[in-house]
Amino acid sequence: MTLIIEWIFKFNLKKKMMKKFSIYIIVLVCVGIQMNVNASDYAHDKGTIGITAGVGTSLMGSLFSALQSPDVDGSSTPVINGLIDFGVSKVFSIGGGVAYQSYSLNYLDENYKDTYTCLNIGIRGLFHFGRSEKFDFYTGARVSYTIWNFESTNNDPNYAMPDVTLGSIGVQPLVGISYYFIPNLGINAEAGIGTYLVAGGIKAKF
């Protein structure tokens, strides 16, 4: 009988210890989750990933759009821009970007059209300023490779110009700002010299 009572006592003791241990584990997990949420509340932080999709304007596009006369009609598309950045530290991030734009010159009196396209692929490094939940100010540079393509179309079967493709390497200094109206979604704006003069878009943070 004594052995049975002693076994029941030890079982209840172990049960209470396991219950307390489970409570401690739950508390630690909750604290860890809360710490992680607090860390990711900042607009930029170590380990955060920002993805931006948007449009912009470029110097080349503005020049083509300004070419208007009775004989020539110039036009361009916006710069279609996609970016991804990864927070290496609280003040620095690395990332990449892809941009595309098309320009055209339509010669009305001669009935032919020249089309130029550029595809830019690059990497970038950014320095971030301030520790804010809403705003992220940064500056940096983008090193990229641009693929230029030229083609001419006309209605003359005796006139044919081959397509031309060229490549170039460039560096774009830039400054930017992101504003988050909710913790993981906001807007972004950048200004630079190179691939685009001004660009903006929607930014998601993970």
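Bear in mind these aren't lab numbers, they're just calculated from the coordinates by the rules spelled out. All figures in this text were calculated on a predicted structure; none of them were measured in a lab. In this analysis, Cβ positions are derived from the backbone assuming ideal geometry, glycine residues included, and neighbour counts consider all displayed protein chains.
Hey, can you rank 193-206, 123-136 by average C-beta count inside 10 Å, highest first? Don't skip to the end; give the middle numbers.
Working: 193-206: 18.7, 123-136: 16.5.
Per-residue Cβ counts within 10 Å, averaged per peptide and sorted highest first, yield 193-206, 123-136.
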Given charges at beta-carbon only (K, R positive; D, E negative), |dipole| of the range 41-205 in Debye: 1040
Those aspartates and glutamates that a straight Cα-Cα span of less than 17 Å connects to K203, excepting residues fewer than 8 apart in one chain: D41, D45, D85, E133, D136, E190
For F127, project a label point 7 Å along Cα to C-beta. Then give me every residue of the range 66-99 with its amide nitrogen under 11 Å of that point. 92
Point-to-point label distance, N154-T77, nm (Cα→Cβ direction, 7 Å offset): 2.5
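Between F206 and T115, what length in nm is gained on full extension when 0.36 nm per residue of separation is reduced by their alpha carbon distance? Spell out each step's value before the answer.
Working: separation 91, 0.36 × 91 = 32.76 nm, distance 3.85 nm.
Extra length from F206 to T115 when fully extended: 28.9 nm.
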Summing Lys, Arg as +1 and Asp, Glu as -1, what charge do residues with Cβ under 11 Å from the Cβ of G97 carry, G97 excluded? 0
Around Y112, which amide H atoms from residues at least 5 apart in sequence, or from another chain, sit under 5 Å from its own amide H, with H modelled in the peptide plane? Y107
Sequence-distant or interchain residues sharing an amide H contact under 5 Å with S58, placed H: which? V79, L197
